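Report on one structure; see the data block that follows.
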Amino acid sequence: MTLSLPQAPAGPSPIHDLAGLTLEVNQLARGVRFYGQVLGLPLLHLDEERQVAQLAVNRAQALTLWRPVTRQPNEPWLGPLRARGGSHVHYAFQIRPEDLPRCRALLDAHGLPWQEINLGTPEAPDPTLYFFDPFGHGLELRAVNRLDARQPACPVPEEPLQPQPHALPVLGLREVALAFGDYDAMKARLPRAYGFALAKEQPDRNFAQFTLGPAPEPDGNGTPRRWLYAWDPQVGLADMLGGDHAHVTFYADVAAVAQRAQAEGLPCVTQGERLAVRDPEGHVFEFRPLPQEL
């Protein structure tokens, strides 16, 4: 039986942007060193007891590293949802197109094998660099056109927070890719239960692309808009997998998302203005308002 493509949510999507991601690591100190030295991400917070570190990507986005500890959630308020960090997550950082040659040289200098794939066309090339961190997470460096009119709701600074000559000049988190065992159910549920805007599917594989913005966009290549990718368990580009049991944070109209998730009967917890929802596939999606200062 062939399922029809679900209709986009009525009105604009309540999802504004990508705010952060939590990754599982088996050595917290090594993770802090890797992301601090290779990506240049400054350490915001370190909790040795809970084995959690948070690093800034820019003024609005953060990367959290969590070393799993038995019966201890990565954040106490998420305990009822059994939230974890993601394993083998594929995600992307934004860079400027002119920084691609420097990124190639820096990856070589750090001794990191990398692969380049052109996701564009001969007329409009879109070269992208792929490499792995020490914990099996698949990283991507994606060039974006900062002059494109389709700017995300939460702006990214033009420069890294702490520019360092040895670190990759990343500007922000661009996308996260997650695995879903029941692809067809996911494709219907994400727009209905959270309001994600389904933009497109690939014709030759179970791969759906959701725009993190008010409406679906026809193509994500080279644009500054952020994305959520979802596919069934499979090897993607550069032998990278979608993440399992990931904790991903989004900027959103929290009340609108809460209404959808509660109508769907999904487990939810709140802390202040933050809402977290456990998806049936085990991912935990956190939603928070846009920062007032941006």
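The values are calculated or read from the model by the stated rules, or taken from the named source; none is laboratory data. Keep in mind that this is a model prediction, so the values were computed, not measured. All Cβ positions, even for glycine, are placed from backbone atoms using ideal geometry, and neighbour counts span all protein chains on display. To get the accessible areas, we keep the full protein, side chains included, count just its heavy atoms, and leave off ligands, DNA and RNA. Shrake-Rupley method; radii C 1.70, N 1.55, O 1.52, S 1.80 Å.
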Distance from the stretch 70-104 to the stretch 9-68 (C-alpha centre basis), Å: 6
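Under a Cβ-Cβ cut-off of 9 Å, what is the net charge of the residues other than His245 that fall near it, where Lys and Arg count +1 and Asp and Glu count -1? Display every interim value, and only then the final one.
Working: positive: Arg82, Arg84; negative: Glu24, Asp244, Glu281.
Its environment carries a net charge of -1.
On full extension of the chain, what length is gained from Gln151 through Asp184, given 0.36 nm per residue of separation minus the C-alpha to C-alpha distance? The partial results should precede the final answer.
On the way: separation 33, 0.36 × 33 = 11.88 nm, distance 3.02 nm.
Answer, rounded to one decimal: 8.9 nm.
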Protection proxy ranking, peptides 107-117, 13-23, average beta carbon neighbours within 10 Å, highest first: 13-23, 107-117
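Does the stretch 1-144 come out rounded, prolate or oblate, given a ≥ b ≥ c as the square roots of the eigenvalues of its C-alpha gyration tensor, rounded meaning a/c under 1.5 and, failing that, prolate meaning a/b above b/c? All intermediate terms of the calculation are to be shown ahead of the outcome.
On the way: a/c = 1.93, a/b = 1.12, b/c = 1.73.
Oblate is the answer for the stretch 1-144, as a/c is 1.5 or above yet b/c matches or exceeds a/b.
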The chain, helix-only ellipticity at 222 nm - DSSP H runs n ≥ 4, -39,500 (n - 2.57), divided by all residues, nearest 500: -3500 deg cm²/dmol
Separation in nanometres of the label points that stand 7 Å from Cα toward Cβ, at Arg102 and Leu46: 2.7
Relative contact order [Cα under 8 Å, 6+ residues apart], the stretch 150-294, whole percent: 22
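Relative contact order for the chain using alpha-carbon pairs under 8 Å, separation at least 6, rounded to a whole percent?
Working: 691 pairs, mean separation 71.7, N = 294.
So the answer I get is 24 percent.
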Within the accessible area of the chain (1.4 Å probe), percent carbon and sulfur: 52
Net charge contributed by nearby residues that have their C-beta within less than 12 Å of Gly31 (K/R +1, D/E -1): +1
Surface per residue (accessible, 1.4 Å probe) for the stretch 11-113, Å²: 43
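Taking R0 as 22 Å, what's the FRET efficiency between Gln202 and Gln259 from their Cβ-Cβ distance, rounded to 0.05?
Values: r = 31 Å, r/R0 = 1.41.
After rounding, the FRET efficiency stands at 0.10.
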